[in-house]
Amino acid sequence: MASRRRWKPWLVELAMVTAVVAMAVLLPRHVAFTAVAENWAADSRATLFAVASPPHPQVVVLAITEDTLALFPYRFPVDRGFLAGLVDSLGAVGAKAVGFDILFDQATEPAKDQAFRAAVARFPGPVVVGWTDRETGLTERQAEFQASYLDGIPAGYSNTLKDVSDSTIRRAFPGRIGPDGAYRPGFVPLLARTLGAAVPDGAFPIVYRIGDESGQPAIRSFPAQTLKLLPKSWFKGKVVLVGADLPFEDRHRTPLAAGLGRDKGTLPGVMVHAHALAQLLDGLASPRSSLTVEVVVALVLALCALGLGFARWPLWWRLGAALAVVVVFWAFDALAYRHLALELPVVSPTMAFAVMMALAGYHATHMRDAETRFIRDAFSRYVAPGLVAQLQEHPDQLALGGEKREVTVLFTDVEGFTSMSESLDAALLVSVLNEYLDSMVECVHRHGGMVDKFIGDAVMAIFGAPEPTADHANLAIACALEMQAHARALQERQRAAGICFGRTRIGIHTGVAVVGNVGGSRRFDYTAIGDTVNTASRLEGVNKYFGTPICVSETAAAASGRSLRPIGRLVVKGRTEALATFTPVAPGEEVMAADYTRCYALLAAASPEAIAAFRDLAERYPDDPLIRFHLGRLGHEPPSDLIVMKDK
């Protein structure tokens with residue numbers, strides 16, 4: 001059965017970023033909770049960070065107040081004779097246009113009704129009035145009167161758009177198709193078009209203005225009955241909206257309530273229309289950001305969250321950094337609104353940031369667990385358990401790409417193994433070999449080394465990698481001595497069973513090597529490469545010429561500080577420089593080693609006395625192979641400790 005293919009980490013991360021960006025963009029458009037939260041944030045921003053504005057230079061409101069209604073014999077409909085007088089007075093002072101946010105849905109006194117229509121006809125500029133229909137509460141009789149009475153007068157829907165969640169007016173009503181099948185624009189869009197202003201298609205967000213620091217309102221409003229008492233210049237060239245400003249009628253919550261309080265943020269309908277009209281006359285575009293900007297902002301936050309989720313920092317540091325990112329983002333949003341008139345969503349991107357950080361943290365944890373399993377699986381059979389645990393806690397200490405490091409490399413080989421393998425049954429051979437290799441691996445692990453590889457009966461071990469250790473040379477030599485003890489014990493057991501198991505030869509060299517993962521994308525090994533490895537391998541091989549069990553290079557000997565006796569200065573195959581070599585002094589050989597060292601000094605000095613000294617030494621220690629080796633050389637070579645190897 002085919003193995004299941006795992007996604008590459010970057011594909012998982014790309015999928016997470018894409019999903020989170022989509023969430024940030026779609027949530028405020030399709031989920032009520034986030035839409036309400038975004039509205040709350042936008043309302044607060046609109047009042048706390050909006051630029052203060054002086055009174056609008058074109059729009060003025062004449063308010064029908066309780067004091068105004070007190071002048072009339074009846075409250076509603078508003079006295080049309082009075083309204084006719086307002087139109088004539090505004091025409092006389094040079095007003096540019098008049099908009100009545102008042103319904104004309106029933107008759108009043110015939111003479112006053114005619115006077116109002118006549119005044120509208122006389123006005124030198126456009127006059128626009130409010131309109132409604134039966135869908136918003138008019139009776140059939142009222143609808144018929146409205147259509148007849150306003151025939152020839154521009155009329156637009158005076159409806160408002162309230163958000164269902166909190167009954168706040170955030171958008172201007174654009175218009176709609178009426179009961180007669182014809183499209184009728186909204187009151188504000190109709191008046192703005194009449195004045196030559198550009199009007200967006202559909203409902204548009206209202207940019208509510210904030211009064212300046214001196215206390216001047218953003219839109220001037222005066223009681224309608226005071227018009228004749230006020231300076232003419234206040235109305236000349238202005239667009240004047242006339243509508244009710246009564247305590248309990250036609251009052252609406254606006255975004256200004258979020259920052260200015262309920263009293264100041266609740267406006268009469270005519271004032272809502274005034275803010276929307278001022279925005280259109282000023283040519284102010286909607287502050288809402290485009291979809292592209294929202295995607296870019298969400299993407300930046302998602303990438304920040306991805307980075308924090310993967311950061312190898314303590315949890316509190318990451319949470320603190322996340323809080324800092326959110327604070328910076330919200331501050332940027334406030335500044336963008338104040339100085340660029342750009343309104344960004346903040347709640348949904350912040351939620352997306354939190355979700356992304358959680359997902360990234362989970363994914364990073366999963367990847368680190370996989371990394372830990374990789375380290376455990378890769379090294380548990382080759383490295384001491386304590387070292388595996390340390391690498392699991394500090395995987396950064398394992399340079400997967402490779403690095404140069406001083407290490408000690410140990411090579412072993414079994415003398416005559418090929419001949420033995422040809423004479424043994426395969427199952428028995430494998431059993432014997434496994435027993436031998438198990439004991440060698442245990443020795444390496446006990447001394448903190450790593451078994452790099454098996455090459456038949458040979459073992460390559462590294463000390464000082466992957467975990468750096470200061471005394472790796474000493475550990476390697478100690479390991480070699482223990483290996484020799486285990487190998488001799490095994491050799492005796494096998495020979496007692498009739499199996500001629502050869503002795504173990506070991507080479508040790510300390511030097512700089514490249515350690516790390518070497519191989520291809522599908523298969524690689526953690527290993528060491530370089531001249532240090534080659535030299536250790538050749539030192540193992542030269543043991544057969546000297547009869548020594550362990551051959552240690554001068555660099556390993558110097559780093560170990562152990563008691564060693566010199567073998568000679570070797571020029572091994574592949575090298576041009578001589579390398580001093582040594583072999584450890586086994587327990588009980590201290591006296592012999594001291595005598596040998598004195599004789600070797602004569603050899604190193606090329607003294608003719610070296611021949612006699614070694615002859616005497618051989619008589620006292622006839623079983624030592626290294627003494628016999630040098631005595632054999634001295635029979636046909638001048639005294640010298642330089643040995644040029646022909647084979648290795």
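The values are calculated or read from the model by the stated rules, or taken from the named source; none is laboratory data. Computed from a predicted model, the values in this text were never measured in an experiment. Virtual Cβ from ideal backbone geometry, glycine too; neighbours counted across all protein chains shown. Keep in mind that these areas ignore ligands, DNA and RNA; they rest on the heavy atoms of the full protein, side chains included. Shrake-Rupley method; radii C 1.70, N 1.55, O 1.52, S 1.80 Å.
Some values worked out for this structure:
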{"quantity": "Assigned charges on the beta-carbon of Lys, Arg, Asp, Glu; the chain dipole about Cα centre (debye)", "calculated": "1380 debye"}
{"quantity": "Among Ala92, Ala556, Met357 the positive-end extreme of the charge dipole of the chain (Cβ point charges)", "calculated": "Ala92"}
{"quantity": "Simple Cβ-charge dipole of region 425-514, Lys/Arg +1 and Asp/Glu -1, about Cα centre, in debye nearest 20", "calculated": "280 debye"}
{"quantity": "For Val59, distant residues with modelled amide H under 5 Å away", "calculated": "Val239"}
{"quantity": "Over 28 Å (Cα to Cα) - which of Lys112/Lys236; Lys453/Lys544; Lys112/Lys264; Lys112/Lys238 fall in this group", "calculated": "Lys112/Lys264"}
{"quantity": "Centroid-to-centroid separation of region 549-584 and region 330-347 [C-alpha atoms, Å]", "calculated": "73 Å"}
{"quantity": "Relative contact order for the chain, counting Cα pairs under 8 Å that sit 6 or more residues apart, in percent", "calculated": "12 percent"}
{"quantity": "Estimated inter-spin distance, Ala612 and Val300, nm [label 7 Å along Cα→Cβ]", "calculated": "9.3 nm"}
{"quantity": "Scaled radius of gyration (Cα, divided by 2.2 N^0.38 Å) that region 128-202 gives", "calculated": "1.15"}
{"quantity": "Carbon/sulfur fraction of accessible area - the chain, other protein chains in place, 1.4 Å, %", "calculated": "58 percent"}
{"quantity": "Heavy-atom accessible area ranking, 1.4 Å probe, most first, across Phe582, Phe187, Phe222", "calculated": "Phe582, Phe222, Phe187"}
{"quantity": "Spatial separation of Cα centroids for region 446-509 and region 161-199, in angstrom", "calculated": "90 Å"}
{"quantity": "Which of Met592, Val533, Trp313, positive extreme of dipole for the chain (C-beta unit charges)", "calculated": "Trp313"}
{"quantity": "Stokes-Einstein D in µm²/s, Kirkwood radius over Cα pairs - region 417-524 at 10 °C with 1.306 mPa s viscosity", "calculated": "103 µm²/s"}
{"quantity": "For region 605-648, diffusion coefficient by Stokes-Einstein and Kirkwood Rh (Cα), 4 °C, 1.567 mPa s, µm²/s", "calculated": "118 µm²/s"}
{"quantity": "Listed residues Trp313, Trp330 arranged by accessible area, highest first, probe 1.4 Å", "calculated": "Trp313, Trp330"}
{"quantity": "Cα coordinate range in region 57-127, projected on the principal axes (Å, largest first)", "calculated": "33, 25, 19"}
{"quantity": "Mean residue ellipticity (222 nm) of the chain, computed from DSSP H runs ≥ 4 via -39,500 (n - 2.57), nearest 500", "calculated": "-15500 deg cm²/dmol"}
{"quantity": "Farthest toward positive dipole pole in region 232-357 [+1 Lys/Arg, -1 Asp/Glu at C-beta], among Ala276, His339, Leu256", "calculated": "His339"}
{"quantity": "Phi to ³J(HN,Hα) by Karplus 6.51 cos²θ - 1.76 cosθ + 1.60 over region 558-569, Hz, x for Gly, Pro", "calculated": "5, 6, 7, x, 8, 7, 9, 10, x, 9, x, 8"}
{"quantity": "Accessible area in square angstrom per residue, the chain, 1.4 angstrom probe", "calculated": "49 Å²"}
{"quantity": "Mean Cβ neighbour count within 10 Å, used as a protection proxy, ranking 410-417, 133-140 highest first", "calculated": "410-417, 133-140"}
{"quantity": "Ellipsoid semi-axes in whole angstrom, largest first, where each is sqrt(5λ) of the Cα gyration tensor of region 465-543", "calculated": "30, 17, 13"}
{"quantity": "√(5λ) per eigenvalue of the Cα gyration tensor, region 533-648, largest first, Å", "calculated": "21, 17, 13"}
{"quantity": "Centre separation in Å (Cα based) which lies between region 135-149 and region 237-256", "calculated": "23 Å"}
{"quantity": "Share of Cα-Cα pairs in the chain lying beyond 38 Å, as whole percent", "calculated": "60 percent"}
